[in-house]
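Every number in this text was worked out from the coordinates using simple rules, so none of it is lab data. Just so it is clear, the structure is predicted and the values come from calculations on it, not from any experiment. Here Cβ is always computed from backbone atoms with ideal geometry, including for glycine, and neighbour counts include all displayed protein chains.
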Amino acid sequence: MLLTALGMADRGHEVTLACRTGGELLARARAARVRTRAARFQGDLGPLGILGLARALAETRPDVVQLHDPHAVSAGLVARRLAGSQARFIATRRVDFRLRSWPSRAKYRACDRVIAVSRAIADLLRADGLPDSRVRLVYEGVEDRAPMSGGQEALTELGVPAGSPVVGNVAALTGHKDHATLIEAAALLRERLPRVVFVIAGDGELRLPLEAQVHALGLSQSVIFAGFRKDLDRLLPAFTVFCLSSHMEGLGTSLLDAMAFGRPVVATTAGGIPEAVDDGKTGLLVPPRDPRALADALFALLTDEARGRALGRAGRERFLARFSASHMVEETLEAYGEQS
C-alpha cells in the first residue's frame, strides 16, 4: 500500500492514505511524508472506522478510492454511501481464498474494478461469479534493492554459526503458510546436511505450536524463530536459499523480495507462486505439503552453489522485468483510468 501511494505521489497525483490509528502502516507513511488520515478501523463494519473514512471521503473528494483488504472493502462501501462519494471504488484481492458467502461476493461485485495480484486469484474471482469485465490482473511489486553480499552480522546476532548454509523464510506464522511442512523438511534435510540452519522471520498465532514441533523433532539448534523484523534488507541477502512452504498463496511478496536480492528460491506450486517463480529457471517448485520434496529441492541448491547463483541471477532479472514497484504502480493507474 505504501509503495503504491509513494509511487503515485511521485507521478504527480494527490494521494491520501487512510489507515488504522496507531498502526505500523500509519507510522511508516508519516515517516515517508505521505498524507494520511487515521481512523479506528475495527473489522468489516466497525462504526468508528466507517465514520472516519466517510469524513475523509467528504473532505478530500477523491476521484478513485482503492480498498486494499476485505475489511476495507466492507467499510469503504458503507462510507461511500454515507459520504455520497462519486469516486470509482477499486478493490484489491491479495489472497487465494474463495468468496464462499453471498455477502463476500456481493461486496466485491459492488466495486467498479477488482485488482487481482495474480492470475490464480483472478481465476478464483471469476469462478466465484465476478464478471470478467470487472477483474484486472496487476502483479504486486516490491522495491528494487541492488543485490547485496555478506549479511553475516545479522546471522551472528541470531546465533547462526559462521559458514553455515542458511535456509531463510519470511512469512506470518499462520496456517496457510504451512511452516509445519517446512519444519518437517528441516528434520529430513538435517540428516543429510547436519550444519544447515533454518531462519524463520515472522510472527503469528502459531508460534507456540511451531516451537513445540521444533523441540519435539530435536531441531532447537537448527531452526531459529527470528520474530517480526524491520531489518529484512540486512537479513535476506544472508540467506543461502529462500524457501516458502505455503499451501495457499496469492503471490508471495517475500518471494519477490528474495528475487530482488538475487536469492535462489525453493517454493511450492500453491496459488500464484508459479507466476513469480519459473520452475527450473529462477527457482525450484515442489507440490504443497510434501516435506520430502521440499527437503530434496533445498538439498539440490545447497549442495550446488553454482546452480544456486545462476537461479538467483535469473530470478533478479525476472523481478526487474515484471515485479518491480514501478510496474505495479503504472498498471494500477491504468486500472484506475479504465471506463466501465
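For this structure, a couple of remarks:
- Acute angle (nearest 10 degrees) that the helix 179-192 long axis makes with the longest principal axis of the chain, alpha-carbon atoms: 20
- Within region 193-274, DSSP assigns beta bridges of which about 10% are antiparallel (rounded to the nearest 5).
- Nearest-0.05 FRET efficiency for ALA172 and ARG313, computed from C-beta distance (R0 45 Å): 0.95
- Whether region 152-322 is rounded, prolate or oblate, judged on the alpha carbon gyration tensor where a/c under 1.5 counts as rounded: rounded
- Whole-Å distance, taken between Cα centres, linking region 176-200 and region 243-276: 17
- Between the labelled values (i) 149; (ii) 135; (iii) 196, the entry that holds volume of the Cα convex hull per residue in Å³ as derived from this structure is (ii).
- Fully extended contour minus Cα-Cα distance, from ARG81 to THR269, at 0.36 nm per residue: 63.6 nm
- Gained length - ARG195 relative to ALA31, 0.36 nm times residue gap less alpha-carbon distance: 55.0 nm
- Dividing the mean sequence gap of close Cα pairs (under 8 Å, 6+ apart) by how many residues region 232-283 holds gives a relative contact order of 39 percent.
- For GluC sites (Glu not before Pro), the sites in region 233-340 that DSSP calls loop and that have at most 12 other Cβ atoms within 10 Å are GLU338.
- Fraction of beta bridges assigned by DSSP in the chain that are antiparallel (%, nearest 5): 5
- Cα shape, region 1-88, gyration tensor, a/c 1.5 rule: oblate
- Rounded to the nearest 0.05, the FRET efficiency derived from the C-beta distance between THR21 and GLU305 at R0 = 41 Å is 0.30.
- In degrees, nearest ten, helix 305-322 long axis to first principal axis of the chain (Cα): 10
- Per-residue ellipticity at 222 nm from helix content only, as computed over the chain with -39500 (n - 2.57) for each DSSP H run of at least four residues, stands at -13000 deg cm²/dmol.
- Global geometry of region 188-248, whether rounded, prolate or oblate, following the gyration tensor of its Cα atoms and the 1.5 cut on a/c: oblate
- Across the chain, C-alpha contacts under 8 Å between residues 6 or more apart give a mean separation that, scaled by the residue count, equals a relative contact order of 15 percent.
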